[in-house]
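**Student:** One structure coming up, written as structure tokens, with questions to follow.
No lab work stands behind these numbers, since they all come straight from the coordinates. Computed from a predicted model, the values in this text were never measured in an experiment. Cβ coordinates were reconstructed from backbone atoms using ideal geometry, including for glycine residues, and neighbour counts include every protein chain displayed.
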Amino acid sequence: MALQDQRLKRALFRVFPILAALVVLLVSLVLVSDVQGEGTNRTYLWVLVLTLLALAILGLSIVSRVASLLRKVRRKEPGARLAARWVRNFLVFSLPPALIVYFFSAYFLTRTIDNWFDVQVEEALQDSLELGQAFLDQRTLDARNQSRALADELPLEDGRDAVRDTLLNNVSATGPVELALLNPSGSVVATASYDPLADLPELPGDYALLQGLERGEYAAAEPTGHGGLRVRVLQRLPAPRLGEVYLLQSIYPLPESITALTGSIEAEYFRYRNVAFLRGSLKQSFILILTLVLLLTVLLAILAALSAARRMVTPLSDLARATQRVAAGDLDQAVEFRTEDEVGFLATSFNDMSRALVSASEAAEEGRARLQAQGEYLETVLGSLSAGVMTLDPGGTLVRLNTAAESILDLPAGLAHGQSLDELAGSFGHVQPLAETIGRQVRRGRRDWQEEVRLEPGGRTRVLLARGSELPGSDYLDGGNVVVFDDVTILNQAQRDAAWAEVARRLAHEVKNPLTPIRLAAERLRMKLMDKLGARDADMLDRSANTIVAQVEALRKLVDAFGDYARDTELERAPVALDELIREVVHLYRQGDPTLQIELDLCEGPVGLQADAVQLRQLLHNLIRNAREAAGEGEVARLHIATRRETGAETDWLVLDVRDQGPGFPEAVLAKPFEPYVTFKPSGSGLGLAICRKIVADHDGQIEISNPDDGGALARVRLPLPEAGQRGSAVPRSRKA
Amino acid sequence: MDVRARGTSLQVRMDQELRLSRPATRAVRNGVPLVLELDVEVRDGANLTLVATEQQQFEIRYLPMSEHWQLETPDRAAPRTYPRLRHVLAELSELRLTLDAIPLAPGDYELRTRIRLDLASLPAPMQLPSLVNRTWRHDSDWTQWPFRINA
């Protein structure tokens, strides 16, 4: 309903100015048709008001539309400038002809009206009038003279009868036809008329009476009430007695032929003067009507220009707006069109294009979603792989690096993307061997390759098994290479550990057995021969035997250590309070070595640690002994042992730090920290840290060694703590070693 | 103004001042007759209800042959002539009207009069200019005069 009202209003808004224009046109035609008529039309005023009202409506409508158009131009709405240009051109081409016609018509009308009046005719009429007036003047003059003579003959001293007789004797058919003696107030004293049936004499007017009294006489041709003329003469008479004043009124008729002629001359002259006088008004009326027509034409031209511009530009504006929306990404656009012309064809084409774009966009969106799903799936797969995967474009730039690759290579997440291998190696030096290997293999041009690469991130050795393949190129892919690598460090370590265990077992088995007979043989030799040799030889024998015994003992310890390392220990897990265990071990060291200073910073418990106390005691012995021996014989060794609980993402950890103030681990040890027989001590077996790693590994923990920046060496052990539901209710006592 | 009731008629005496503008005088000298309309209304004094109305026309002409002015009034069959225009206007300034056949009950009344130049009686070419030209406005305001009809 509201929409219908709106449409109705819009239709009225469009139709109303046109109706107003038609009213103006009609009114103008009425005025033109009646301008020369004799009618007395009282509706002229209303017609004029209506006309002005219609013009005002037209003007307001145009002003409103022009203002709206200017606002659109200022806002740079699509099509507004085209519409403004259209209106301007329309006016430029339509106004000058209208103005030319207007001025030419005005000039033509004024000249034509002027030509209606002939100067000679006017002069002739004027002369006729003057002739008539001259005749009347002459007749008046004659009447006055005659009246003067009669006035001199009147016997005022003889009484009214004598006067009346004199008057009667002087009236005649040619004049005067009526004589009357009047007193100063105009009342009749005596009268005589040629017509015996005549009424009382017609009295003079105030003006004539006054003139007669003041000037002595009055003579003038006067119109009668019936369209004729007569001459009235008033003559002041000499006073017979003091104070008495009389006027003699004489009425002289004009011949009927003369009266008819003067009447005709007067009527024609008057008619001509009337028309001549109306000439100016006539021209004004024509100019006014022409101006109305011009205004009507101009306003209608403007209105037509505005309407035509709107009709022409509206579909183009709709198209422009729809195009802008399509350009902004809103492809589902349709333009209404009501015509079958070129604009309609353009709108149809646009709608077809819009539909095609929407279809293509939906297909593209569907494809993109599918690709995105595939990409996400691939990303998930790559992210779930434990192996590192990296892809390179033909120029050697990293295109993709999965999470495992970043983890294995110790790279910050996302930083390596888009870098070349050389740039990556420049930024992260430990990746250099891998970069060199990949570069070398790619340059060789082999489709598939495999090579073990050794990296040393943070001073630790990491062994990677890298396999590379060339990616084939296509229309949409540039090709490149894909490299997959696994961290096989643990695998290698396990293999080495197994080898070392086998060696240790064989050593323990092959070497340990002969040691006891060797020692016994040496002691027996010393005992049998000691007494039989001289002092010098006996002394040499004694030293040699002692040396053999000592070396055998050292060899036995070494073999025992190898045995410990090779032995597959069956853990006896039980709740252990690590702080108490540490204090017990430290107490033994403090008692036995006064040069050893140990600081403790232990957390309580912690509750829940399930471990083999014997193994942990061995672990502590090895770590403390290592730290003590790092200080050198006889020097004061300062150790710091600390424990703390560390909350991890999946599990909690017990962290044990053993730190000394010595020179730190040598680079060789840091490179292969837990490799058996890698030691920095002359008398060391090289199995201490290896045994530590074995104990920690048996407890599912981690161990690492490092040299802190502020000096010394640090061994850090991390043992897993069970979840709260799996812990014991109290802190148990550790098993005595 | 003076109003007197005589039976069913009203005797009205009006004194007023009339002047013609220069264009109007020029027009009448050029043969355009001027028509003056006198509107008279009788209204009830209490509620101003219209009781009776009367309109009279006076026509002024100029006669160039005798150079006299002619005034045609509704109360006389023949027009009267005057040697000067001012005599015509003086005649119109002192109007004596008789409004006949007006049955008025005893009470208070109000007589309203106005006089104006009838532009519609002008020749057609003059009507449009006279509508837009103020010098052609010869309209007096309404003049009220209360009077009483006694029982």
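**Student:** As a footprinting exposure proxy, order A:694, A:72 by other Cβ within 10 Å, with the fewest listed first. Numbers along the way, then the final one.
**Tutor:** On the way: A:694 26, A:72 18.
With the sparsest Cβ surroundings first, the list reads A:72, A:694.
**Student:** List every residue whose amide H lies under 5 Å from the amide H of residue A:154, counting only residues 5 or more places away in sequence or on a different chain, with H placed 1.01 Å from N in the peptide plane.
**Tutor:** none
**Student:** To the nearest 20 debye, what is the magnitude of the charge dipole of the protein assembly as shown about its Cα centre, counting +1 on the Cβ of each Lys and Arg and -1 on the Cβ of each Asp and Glu?
**Tutor:** On the way: 101 positive and 116 negative charges, 488 e Å.
For this selection, approximately 2340 debye.
**Student:** How long, wide and thick is the range A:386-483, going by the Cα atoms along their three principal axes, in whole angstroms, largest first?
**Tutor:** In descending order, the Cα extents are 44, 26, 25 Å.
**Student:** Sticking with this one: In whole Hz, what ³J(HN,Hα) sequence does the range A:518-524 give by Karplus (6.51, -1.76, 1.60; θ = phi - 60°), x for Gly and Pro?
**Tutor:** Result, rounded to whole Hz: 5, 5, 5, 5, 5, 6, 5.
**Student:** Give me the distance between the Cα centres of the range B:3-46 and the range A:296-350, rounded to whole Å.
**Tutor:** Centre-to-centre distance over Cα atoms comes out at 66 Å.
**Student:** Can you list, bin by bin at 10 Å, the percent of alpha carbon pairs in the range A:574-726, starting at 0?
**Tutor:** Pairs per bin, as whole percents: 11, 42, 36, 10, 1.
**Student:** Can you give the Kirkwood hydrodynamic radius of chain B from its Cα pairs, in Å with one decimal? All intermediate terms of the calculation are to be shown ahead of the outcome.
**Tutor:** Working: mean 1/r = 0.0596 Å⁻¹.
Evaluated on chain B, it is 16.8 Å.
**Student:** To make sure I understand, if each residue's beta carbon is the centre and we count other beta carbons within 10 Å, what order do A:400, A:462 fall in, fewest to most? Before the final figure, lay out each step's value.
**Tutor:** Values: A:400 17, A:462 21.
So the ranking, lowest neighbour count to highest, is A:400, A:462.
**Student:** For the range A:60-145, what does the equivalent ellipsoid look like in terms of its semi-axes, each the square root of 5 times an eigenvalue of the Cα gyration tensor, given largest first in whole Å? Write out the running numbers ahead of the final one.
**Tutor:** Numbers: eigenvalues 920, 51, 5 Å².
Square roots of five times the eigenvalues give 68, 16, 5 Å.
**Student:** Peptide A:273-285: average number of partner chain Cβ atoms within 10 Å per residue?
**Tutor:** Working: counts 6, 6, 4, 2, 10, 10, 1, 3, 13, 6, 2, 6, 6.
Taking the mean over all residues of the peptide, I get 6.
**Student:** Which listed residue (A:546, A:615, A:498) has the Cα farthest towards the positive end of the charge dipole for the range A:478-618, taking +1 on Lys and Arg C-beta and -1 on Asp and Glu C-beta about the Cα centre?
**Tutor:** Selected residue: A:546.
**Student:** Can you give the three extents of the C-alpha atoms in the range A:241-297 along their principal axes, from longest to shortest, in whole Å?
**Tutor:** 83, 36, 10
**Student:** Just going by the charge dipole of chain A, with Lys and Arg at +1 and Asp and Glu at -1 on Cβ, which of A:697, A:23, A:228 is farthest out on the positive end?
**Tutor:** Of the options given, the answer is A:697.
**Student:** Here's something else I'd like to know. Taking the Cβ of residue A:111 as the centre, find all other residues whose Cβ is under 14 Å away and add up their charges (Lys, Arg: +1; Asp, Glu: -1).
**Tutor:** On the way: positive: A:279, A:283; negative: A:114.
So the environment of residue A:111 carries a net charge of +1.
**Student:** Within 10 Å, at most 15 other Cβ atoms, and a DSSP state outside H, G, I, E, B define an exposed site. Report the longest part of chain B free of exposed GluC sites (Glu not before Pro).
**Tutor:** Details: sites that count: B:17, B:67.
Longest gap between qualifying sites, sites excluded: B:68-151.
**Student:** What 222 nm value per residue comes from the helices of the protein assembly as shown, counting each DSSP H run with n ≥ 4 as -39,500 (n - 2.57) and dividing by all residues, nearest 500 deg cm²/dmol?
**Tutor:** Numbers: 20 runs with 446 residues, N = 888.
The per-residue figure over the protein assembly as shown is -17500 deg cm²/dmol.
**Student:** What's the average, rounded to a whole number, of partner chain beta-carbon atoms within 10 Å of each residue's beta-carbon in B:128-139? Mind dumping the intermediate values first?
**Tutor:** Values: counts 14, 9, 3, 6, 4, 2, 0, 0, 0, 0, 0, 0.
Neighbouring Cβ atoms belonging to other protein chains average 3 per residue here.
**Student:** Another question about this same structure. Give, as a single signed number, the net charge of other residues whose beta carbon lies under 13 Å from the beta carbon of residue A:374, with Lys and Arg counted +1 and Asp and Glu -1.
**Tutor:** Values: positive: A:368, A:370; negative: A:366, A:376, A:379.
Result for the neighbourhood of residue A:374: -1.
**Student:** Something else: Can you sort A:209, A:588 so the residue with the fewest Cβ neighbours within 10 Å comes first?
**Tutor:** Starting with the residue having the fewest Cβ neighbours, the order is A:588, A:209.
**Student:** Kirkwood hydrodynamic radius, the protein assembly as shown, all distinct C-alpha pairs: what's the number in Å?
**Tutor:** Here the Kirkwood hydrodynamic radius works out to 44.6 Å.
**Student:** ³J(HN,Hα) across the range A:391-400 via Karplus (A = 6.51, B = -1.76, C = 1.60, θ = phi - 60°), whole Hz, x for Gly/Pro?
**Tutor:** So the Karplus estimates, Gly and Pro as x, are 10, 10, 7, x, x, x, 8, 5, 9, 8 Hz.
**Student:** Between the range A:224-283 and the range B:81-145, what is the C-alpha centre distance in whole Å?
**Tutor:** Here the two parts' Cα centres lie 27 Å apart.
**Student:** Treating only the Cβ atoms of Lys and Arg (+1) and Asp and Glu (-1) as charged, compute the dipole magnitude of chain B about its Cα centre; round to the nearest 20 debye. Write down the numbers at each step before the final one.
**Tutor:** Numbers: 20 positive and 20 negative charges, 115 e Å.
Dipole of chain B, to the nearest 20 debye: 560 debye.
**Student:** Amide H neighbours of residue A:224 under 5 Å, at least 5 residues apart or on other chains, H built in the peptide plane: list them.
**Tutor:** A:229, A:230
**Student:** What are the ³J(HN,Hα) values, in whole Hz, obtained from phi via the Karplus relation 6.51 cos²θ - 1.76 cosθ + 1.60 with θ = phi - 60°, for each residue of the range A:132-148 in sequence order, with x given for Gly and Pro?
**Tutor:** Each residue's phi maps through the Karplus curve to give x, 5, 5, 4, 5, 4, 5, 5, 5, 4, 4, 5, 5, 5, 5, 5, 4 Hz.
**Student:** Any idea which of A:263, B:98, A:461 is furthest toward the positive side of the dipole for the protein assembly as shown, if Lys and Arg beta-carbons carry +1 and Asp and Glu beta-carbons -1?
**Tutor:** Checking the options against the dipole of the protein assembly as shown, the answer is A:461.
**Student:** Report, by chain and number, residues whose modeled amide H sits under 5 Å from the one on residue A:602, excluding near sequence neighbours (fewer than 5 apart, same chain).
**Tutor:** A:643
**Student:** A follow-up question, please. In Å, the Kirkwood hydrodynamic radius of the range A:135-254 over pairs of distinct alpha carbons?
**Tutor:** 14.1 Å
**Student:** Oh, and also: Mind checking A:637-646 for the average number of partner chain beta-carbons within 10 Å of each residue's beta-carbon?
**Tutor:** On the way: counts 0, 0, 0, 0, 0, 0, 0, 0, 0, 0.
The mean count of partner-chain Cβ atoms within 10 Å per residue comes to 0.
**Student:** Let me ask something else. Rounding to the nearest 20 debye, state how big the charge dipole of the range A:494-566 is about its Cα centre with +1 on each Lys and Arg Cβ and -1 on each Asp and Glu Cβ.
**Tutor:** Values: 13 positive and 11 negative charges, 34 e Å.
Once rounded to the nearest 20, the dipole reads 160 debye.
**Student:** Shifting gears a bit: Restricting to DSSP loop positions (anything but H, G, I, E, B) with no more than 16 other Cβ atoms inside 10 Å of their own Cβ, which GluC sites (Glu not before Pro) remain in the range A:246-336?
**Tutor:** Details: sites: A:256, A:266, A:268, A:336; in loops: A:336.
Those satisfying the criteria are A:336.
**Student:** Still on this model: Step by step: find N for the range A:318-368, compute 2.2 N^0.38 Å, then divide the Cα radius of gyration by it. What's the final number? Can you show the working numbers first?
**Tutor:** Details: Rg = 11.9 Å, N = 51, 2.2 N^0.38 = 9.8 Å.
My calculation over the Cα atoms of the range A:318-368 gives 1.22.
**Student:** Regarding the range A:494-566, what whole-number volume in Å³ per residue does the convex hull of its Cα atoms give? Don't jump to the answer; show the numbers that get you there.
**Tutor:** Working: hull volume 4.5 nm³, N = 73.
In the range A:494-566, the Cα hull volume divided by residue count equals 61 Å³.
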